[in-house]
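The structure appears right after this line, and notes come after that.
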Amino acid sequence: MSATLLLELFTEELPPKALRRLGEAFASGIEAALSNLGLLEAGAVTTAYATPRRLAVTITHTLAKAPDRTSRQKLLPVSVAFDAQGLPSAALTRKMAGLGLDVDAWRSLERAVDGKAEALFIQATQPGVALVEGVQHALDETLAKLPIPKVMRYQRPDGTDVQFVRPAHRLLALHGGTLLPVRALGLEAGCQTMGHRQMSAGAITISTAFEYPHRLMVLGKVVASFTERRTRIEQGLRAQAGADTLIAPEALLDEVTGLVEWPIVYEGWFDEAFLEVPQECLILTMQQNQKYFALADAAGRLRNRFLLVGNLETTDPRAIITGNERVLRARLADAKFFFDQDRRTPLAERVGRLASVVHHNKLGSQLDRVHRLTRVAGTIARRLNEDGRDELRVDPVSAERAAWLAKADLLTDMVGEFPELQGVIGEYYARHDGETPAVAAAIEQHYHPRFANDTLPESPLALCVALADKLDTLVGLWAAAGAPTGDKDPFALRRQALGVLRMLSERALPLDLHELIDVALAQFKPAVAAAGDAVVAIAPAPDAPAPKSPAADASSSIAPELLRFFFDRLSNLLRERGHDAQDIDAVLALEPTRIDQVLPKLAAVAAFRSLPESLSLAAANKRVRNILKKDAALATRPDPALLIEPAERALHDELAALEPEVTACTARHDYTRALTRLASVRASVDRFFDEVMVMTDDPAVRANRIALLRALERTLNQVADISRLAS
């Protein structure tokens, strides 16, 4: 017989930020364990419940006992099971004894061919597990695997020690209307639970599993479903917001849902004078300290109105609202105090004090880092100016100024209170100090992109500082702490690399990635590039000449490793954005360090693949590669005098005309034209391989033909390794 199963663990207040994950893990763990035991019928529906004081799950179509399972088990090959007289061997006797069978039962064993030999098989029936036993197993297994952020140790009234996320006080276990005598965390299962702490009369008896959420809501004033409670909160917030824009991050909605069992939305106000403080500060104060929801007008300006989600329904909410307004007023007063105090000291005066802030114990202070950023940002600005495009022109002095001030706000009280405001508050303070709008904006934007799909720095000046910052982080921390491994990336180097790649590609910056890495490496002492145990990265004084090139050992260690890391990240990024895997492999096989040219090359390769000649040329290129791998002939240019066969002379003449044209097209970034022109050589290539023996006995002729193939390979692979398109 099947019925709905209900399990509930009633606890003290659970961590609100972890509640959603705990509820989902509890429900999915119970479901998986029971399903593995065969206790769930097809079509069973699992519903998770999670409130600040409970984790629960209901599963429909749960069996009282799992069906018996019949299994067919191989015992031994017949050649091992019987002796020469056809009687059971000692091995078979031991095997059957181990299964609890009498040795005479061998006559009823099944003989069947298994592979190439005959073997003995036994049909065994395993009794289905009873629901009580299965639920006990599921509870033990699931509770042991819950993603608990921090385990709490507590003692039960009987003196037993228990470890769980929070002390548990009740266990509810019903199958339909039948109580299941299971135990967990020192508790014996019953049929009662508790409702809302203030609005419920006391213990609530649950008669059947099916009625659980309804009785909790009606008698206990508890919305048991996390999802339903979150929906109610969001709907209530939007209704109260009216024409204003609700600022409701997903994480805050989840956290507030984890704080209340009976959500009621209230409206509060604060003094307009606080709006003089940057709205980012006010919003963070409301969200982080008080779990309130800020509101903005149609223009995006913060209102002095906010919304809060209470856990108590009352006909007169004035006491609740005024109490929350009073608490918020104190918090906003602190933020205003920080803001006013910080502005008394210009950012430029704070820079020197960065010497006391450690960046990394192997990389020196934040002041050392600022010196490096200043030089790298200036160098990047000058490189951009060399391109000659007006839209990329940058004043190197402004780039250096922005880099010099970029980390100064780390010493402000506001960032000390809200680390998330680094850069953001720096822009406000820079404007207050009289810095140019471009420099001030670069201070904020140099942290971008901060996460996947985040906005990029807008101005070329901000791009210079952002690139300098991310390159310094990658080079320095790669040397000091090593490359990311598996899912461990404590310094977010993957994210930093993606930021560099996105800026170079999406902003079409004409910068060479290898050169950028070299410039960043050049700011460190050689010990950094060596990545040894004694890594030190104290940058030279501001007036010291910057090194002309990176340390000699850098190019043979960190730079190649970083380039491979960048190309791995770029390959993943391009695949995520829907580009063809073969096209990506073909383009990145040549390790193009001009990242701004990768997308145009991908487009050209995609167009080339549509040509009827592409597959034949790709296969020929692959064949050429294989030949060249086997032969180490050094000649790179064929000698026309040694060309004997008409087919090789025809290929040579065609390549002589084609190679300069393809090179010119590639140089002016006309990759589609460069690849399209390759189609013209297909007939000559096919004829060459049909009529010419490359590995001839004459060493001079053989070397010359290999040189001809090198010229062919050089011509075919200027844009991409088209041999990657052959498979």
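The values are calculated or read from the model by the stated rules, or taken from the named source; none is laboratory data. Since the model is a prediction, treat every value here as computed from it, not as a measurement. So basically every Cβ, Gly included, is an ideal-geometry build from the backbone, and we count neighbours across all protein chains shown.
Data table
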{"read-out": "Index of the failed condition, GLU654 passing every other in (1) part of a loop (DSSP other than H, G, I, E, B); (2) free of Cβ contacts under 8 Å to residues at least 40 places away in the same chain; (3) of a type outside the set (A, V, I, L, M, F, W, C)", "value": "(1)"}
{"read-out": "Cross-chain or 6+ apart pairs with Cβ under 7 Å, the range 189-205 first and closer than 15 Å to PRO263 by Cα, then surrounded by 15 or more Cβ atoms within 10 Å (Cβ to Cβ) and small (Gly, Ala, Ser)", "value": "GLY195/GLY220; HIS196/GLY220; SER200/GLY220"}
{"read-out": "Complete set of residues in the range 695-719 that are under 51 Å from the mean Cα position of the chain (by Cα), assigned to a loop (DSSP other than H, G, I, E, B) and under 17 Å from PRO640 (Cβ atoms)", "value": "none"}
{"read-out": "Meets criteria (of a type in the set (D, E, K, R) and farther than 25 Å from ASP580 by Cβ) for GLU691", "value": "yes"}
{"read-out": "Search result, residues across the range 111-142 that are in contact (Cβ under 8 Å) with a residue 60 or more places away in the chain and surrounded by 15 or more Cβ atoms within 10 Å (Cβ to Cβ)", "value": "GLY128, VAL129, ALA130, LEU131, GLY134, VAL135, HIS137, ALA138, LEU139, THR142"}
{"read-out": "Wholly within the range 119-197, strands (runs of 3 or more DSSP E) carrying at least 2 residues that are under 39 Å from the mean Cα position of the chain (by Cα)", "value": "152-155, 161-164, 168-175"}
{"read-out": "Within the range 44-72, considering residues that are part of a loop (DSSP other than H, G, I, E, B) and out of contact with any His (no Cβ under 6 Å at 6 or more places or on another chain), the one farthest from ARG229 (Cα to Cα)", "value": "ASP68"}
{"read-out": "Identity of the residue in the range 331-374, basic (Lys, Arg) and touching a residue at least 24 places away in the same chain (Cβ under 8 Å), that ends up surrounded by the most Cβ atoms within 10 Å (Cβ to Cβ)", "value": "ARG372"}
{"read-out": "Sole residue being surrounded by fewer than 19 Cβ atoms within 10 Å (Cβ to Cβ), under 29 Å from PRO460 (Cα atoms) and over 35 Å from the mean Cα position of the chain (by Cα), chosen from GLU391, GLU386", "value": "GLU386"}
{"read-out": "Whichever residue in the range 441-479 is of a type in the set (A, V, I, L, M) and part of a loop (DSSP other than H, G, I, E, B) and, among such residues, is modelled with the lowest pLDDT", "value": "ALA452"}
{"read-out": "Residues that are within 14 Å of ALA402 (Cα to Cα) and not hydroxyl-bearing (Ser, Thr, Tyr), drawn from the range 439-453", "value": "VAL439, ALA440, ALA441, ALA442, ILE443, GLU444, GLN445, HIS446"}
{"read-out": "Residue within the range 47-68 that is aromatic (Phe, Trp, Tyr) and within 54 Å of the chain's Cα centre (by Cα) present", "value": "yes"}
{"read-out": "Residue check, GLN287 under 32 Å from the mean Cα position of the chain (by Cα) and without any contact (Cβ under 8 Å) to a residue 24 or more places away in the chain", "value": "no"}
{"read-out": "Test for ALA438: is it surrounded by fewer than 20 Cβ atoms within 10 Å (Cβ to Cβ) and either part of a helix (DSSP H, G or I) or of a type in the set (Asp, Glu) (or both)", "value": "yes"}
{"read-out": "Where LEU295 falls short, out of the listed (1) touching a strand residue (DSSP E or B) at 6+ places or on another chain (Cβ under 7 Å); (2) farther than 30 Å from GLU12 by Cα; (3) surrounded by fewer than 21 Cβ atoms within 10 Å (Cβ to Cβ)", "value": "(3)"}
{"read-out": "Neighbours by Cβ (under 8 Å, 6+ apart or cross-chain): first from the range 152-163, within 14 Å of ALA184 (Cβ to Cβ); second exposed (fewer than 11 other Cβ atoms within 10 Å of the Cβ)", "value": "VAL162/ARG153; GLN163/VAL151; GLN163/ARG153"}
{"read-out": "Residue match in the range 99-109 (condition: of a type in the set (Phe, Trp, Tyr), in contact (Cβ under 8 Å) with a residue 60 or more places away in the chain and outside any strand (DSSP E or B))", "value": "no"}
{"read-out": "Residues that are within 30 Å of VAL129 (Cα to Cα), touching a residue at least 24 places away in the same chain (Cβ under 8 Å) and of a type outside the set (Val, Ile, Thr), drawn from the range 69-98", "value": "ARG69, SER71, ARG72, GLN73, LYS74, LEU75, LEU76, LEU92"}
{"read-out": "Subset of the range 73-95 [under 53 Å from the mean Cα position of the chain (by Cα) and surrounded by 12 or more Cβ atoms within 10 Å (Cβ to Cβ)]", "value": "LYS74, LEU75, LEU76, PRO77, LYS95"}
{"read-out": "Boolean, GLN496 is on the phi < 0 side of the Ramachandran plot, surrounded by 19 or more Cβ atoms within 10 Å (Cβ to Cβ) and over 21 Å from the mean Cα position of the chain (by Cα)", "value": "no"}
{"read-out": "Index of the failed condition, ALA452 passing every other in (1) crowded, with 20+ Cβ neighbours inside 10 Å; (2) closer than 24 Å to VAL598 by Cα; (3) among the hydrophobic types (A, V, I, L, M, F, W, C)", "value": "(1)"}
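Conditions (1) at pLDDT below 95; (2) assigned to a helix (DSSP H, G or I); (3) surrounded by fewer than 20 Cβ atoms within 10 Å (Cβ to Cβ), marked per residue:
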residue: ALA541; (1), (2), (3): yes, no, yes
residue: ALA544; (1), (2), (3): yes, no, yes
residue: LYS548; (1), (2), (3): yes, no, yes
residue: PRO560; (1), (2), (3): yes, yes, yes
residue: PHE566; (1), (2), (3): no, yes, no
residue: LYS622; (1), (2), (3): yes, yes, yes
